[in-house]
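The structure appears below as structure tokens.
The values are calculated or read from the model by the stated rules, or taken from the named source; none is laboratory data. All of these numbers come straight from a predicted model, not from anything done at the bench. Every residue, glycine as well, gets a Cβ built from its backbone with ideal geometry; the counts of neighbours run over all protein chains shown.
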Amino acid sequence: MKTYTENSRLTINILLSFFAFLWFLPFLFVVVNSVKTRKEYNLGEFWDFPQGFSVLENFEYINTRIDFMMGFLNSLLYGAIATTLAILFASLAAYAISALKIKWKMFWFMLIYSGTIFPFQMYIIPIFRMYSNVDLYDSKIGLLAVYTALCIPFCLFVLRNYFYSIPKELVESAKMDGATDFKIFVSIFMKMAKAPIAACFLFQFTWVWNDLLFGLTLSKSAEARPIMSSLSLLNGAAGTNDVPSALLAAILASIPTFFIFLVLNKSFNYGFPTTSK
């Protein structure tokens, strides 16, 4: 029986290692070819190892075609601020729906959560027309507002479910000690919700960072354009394609989300199953 179990475990490990390698293979291709020159990439074989290390040259090409750093900083701004504001607003709404005595709790929840039911593409034309009329088109404030609003429903869903799992006895004990509703929200609900908050931040920051639809539609200048919209213009700006430079730009653009995942990994692993009760 023991031998059978060990053989089964070995077979599973081999299969998982094989699938992990297949999953990692495209990333390996990106890394290998991102350090090649354009000539070496076009004339060489698909899996040839690079003859040199042309990272600086490729990065200089990127900067001559697009304002990479401006897009990078814009997306950091949008991701950090929009996600933080969304979590703040969603946590207040989740606390009111789950812990306070308000009328039509389910109605308010469904009203806010309905923002995720419809495809985001259907919001593009109304938002574009409104922004054009109120001078928010091609502005950082306009994109921040859109990203914040679109992140709120998911955060509300996660935090509301978690807040319902907090024992009512704990809240009643705090009220007996004279704590106000806001004090209970800050001292109990928010402190106990660090794990789901981390999960919400990871999910929503990644979505904002990877967004292309709203970035392309609601911005046209480098001062407001996020990173993914900037990368989409990389090759077309010159009329020619420099694949190694595009691959290098993609690697550099993936660093923030990878770093945030490493930082929040433990909280994410604990928070996701907890909030899905």
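Brief remarks follow.
A quick yes/no check of all residues on (1) closer than 22 Å to Asn74 by Cα; (2) at pLDDT below 85; (3) among the acidic types (Asp, Glu); (4) assigned by TED's automatic domain parsing to the domain that holds Ser75:
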residue: Leu231; (1), (2), (3), (4): yes, no, no, yes
residue: Gly236; (1), (2), (3), (4): yes, yes, no, yes
residue: Asp242; (1), (2), (3), (4): no, yes, yes, yes
residue: Ser245; (1), (2), (3), (4): yes, no, no, yes
residue: Ala250; (1), (2), (3), (4): yes, no, no, yes
residue: Ala253; (1), (2), (3), (4): yes, no, no, yes
residue: Pro256; (1), (2), (3), (4): yes, no, no, yes
residue: Val263; (1), (2), (3), (4): yes, yes, no, yes
residue: Phe268; (1), (2), (3), (4): no, yes, no, yes
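- Any chance Phe18 is within 21 Å of Ser254 (Cβ to Cβ) and either among the hydrophobic types (A, V, I, L, M, F, W, C) or modelled with pLDDT of 90 or more (or both): no
- Considering region 8-52, the residues that are part of a helix (DSSP H, G or I) and among the aromatic types (Phe, Trp, Tyr) include one that is nearest to Val243 (Cα to Cα), namely Tyr41.
- Of Leu15, Leu100, Leu56, all but one fail to be of a type outside the set (Val, Ile, Thr) and under 22 Å from Pro256 (Cβ atoms); the exception is Leu56.
- Scanning region 47-101 for residues that are in contact with a Ser or Thr (Cβ under 6 Å, 6 or more places away or on another chain) and either surrounded by 20 or more Cβ atoms within 10 Å (Cβ to Cβ) or more than 30 Å from Val171 (Cα to Cα) (or both) gives Ser54, Asn58, Tyr61, Ile62, Ile66, Gly71, Ala82, Ala86.
- Within the set Ala174, Ala193, Ala145, the sole residue that is among the small types (Gly, Ala, Ser) and in contact (Cβ under 8 Å) with a residue 24 or more places away in the chain turns out to be Ala193.
- Residues being within 21 Å of Val208 (Cβ to Cβ) and assigned to a helix (DSSP H, G or I) - total across region 108-124: 10
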